[in-house]
Amino acid sequence: MAFTKVAPPAIADSTIATIGNTPIVRLSAVGNKAQVELLAKTEFSNPSGSIKDRVAQKILSGLEAAKKIKSTTTLVVPSSGNLVISLALLSPRHGQYKVIGLVPERTSEDRIQLLKSLGVEIVRTPIEAHADSAESQFSIAKKIATDLPDAILIDEFADAANVEVHSQETAEEIFIQCEGRLDVLVVGVETGGTITGLAKALKAKIPGLKVVGVEPEHSSIQDGVNRSSAWKVEDIGSNFTPSILDKSLVDAWVKVSDQESYSTARQIIREEGLCCGPSSGSVVAAAVRYANSVSKGTKPRVLTILNDTGRNYSSTLLSDDWLLEHDLMDETMARSVAYHRH
Ligand code: PMP
């Protein structure tokens, strides 16, 4: 029998070599309903299922090159979950670092189970606590990192590596994959690392590129107004403005409700066959809304970043019962559920 596949990637030396080079996929079902050429960079194709593998690898290799870390070091990580997962997954391929994760109560039980299986020590932190308060994930992390001998604080909200990995690596992939042709880039924002790195590098290469930041309805990143942090979508939004975010690179902000985010994520899974998480739903909903408002009959090419896998959310996004319980089941989803239950 003749082999017909053309040059698949060679054997990777370790999981580290499989980070990045994620496919860009056309969202033809969702995109066709909007007047846009809608594209998605599938960051859920990274080994741990999220974009944060890139950041974890950049941070660990930087610390190792600077000799700031030993195999006995404990990494203390305030994060909504994905960076802790990536650091824990990559650690055995680096040193044998112990990982302590300061993870907000919003984070799904599915990710907590994964973290536990990776041997991560987890401290849950209240979502309402402001970054400056003693109960915040940052304050608790700082205290643990100071009190514990041989511990280091990994602060993705302030670490330049979280911007550089995207301006140096992710942006180049996008430029090559899109052959330099892109009108709008739409990115979910929490630490601001992805949007700042991509906007910086791609705006320098693609004149006229518009960059759109996406956050949940009650989040304070854009305007700094202190409000309730009680949104459900994980991994985007914050009740403060992170120091690595360069707002001058962001042309527009779009806020998306929980209901629109969850229903769009389920639509992407169902209609596009891309198993993404809730923040990807927010980003695609924002992309369609923004592009429709500016397209004026042209069909702009719009790239969204789908940051993590829906498999992280079996007990929330993928659970009809959870969506019903939290009043997040919209009409289209209810119809498809009714169809499946017959
Ligand atoms: N979506 C998901 C799933 C994420 O894990 C993150 C990172 N917290 C974001 C969006 C936001 O990206 P950034 O931290 O680079 O702003």
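What follows is calculated from the coordinates using simple rules that are stated; it is not laboratory data. Keep in mind that this is a model prediction, so the values were computed, not measured. Heads up, the Cβs are rebuilt from the backbone with ideal geometry, glycines too, and the neighbour counts pull from every protein chain shown.
One chain, two ends: Asp246 and Glu173. Fully extended at 0.36 nm per residue, the span grows by 24.1 nm beyond their Cα-Cα distance. Diagonalising the gyration tensor over the Cα atoms of the stretch 205-342 and scaling each eigenvalue by 5 before taking the square root yields semi-axes of 27, 20, 13 Å, largest first. Within the shell of other residues whose beta carbon sits under 14 angstrom from the beta carbon of Arg301, the net charge comes to +2, with Lys and Arg scored +1 and Asp and Glu -1.
Peptides 38-51, 253-266 ranked from most to least packed give 38-51, 253-266, packing being the mean of other C-beta atoms within 10 angstrom over each peptide's residues. Peptide packing for 64-77, 267-280 was compared via the average number of neighbouring C-beta atoms within 10 Å per residue; ordered from the highest value, the list is 267-280, 64-77. Put simply, the Cα atoms of the stretch 151-230 extend 41, 36, 16 Å along their principal axes, the longest span coming first. Largest GNM mean-square fluctuation across Ala204, Ala252, Ala287, computed for the chain with C-alpha springs under 10 Å, falls on Ala204. Shown for Val294, Val187, Val6: other C-beta atoms within 10 Å of each C-beta, ranked fewest to most, produce the order Val6, Val294, Val187. Ordered from longest to shortest, the equivalent ellipsoid semi-axes for the stretch 1-121 are 31, 22, 13 Å, each the square root of 5 times a Cα gyration tensor eigenvalue. Computed from Cα atoms alone, the Kirkwood hydrodynamic radius reported for the stretch 55-106 is 11.1 Å.
Of Glu190, Glu217, Glu135, Glu164, the sequence from fewest to most neighbouring Cβ atoms within 10 angstrom is Glu135, Glu217, Glu164, Glu190. Can you give me the Cα centroid spacing of the stretch 134-171 and the stretch 228-299 in angstrom? Taking the Cα centre of the stretch 228-299 as reference, the centre of the stretch 134-171 is 24 Å away.
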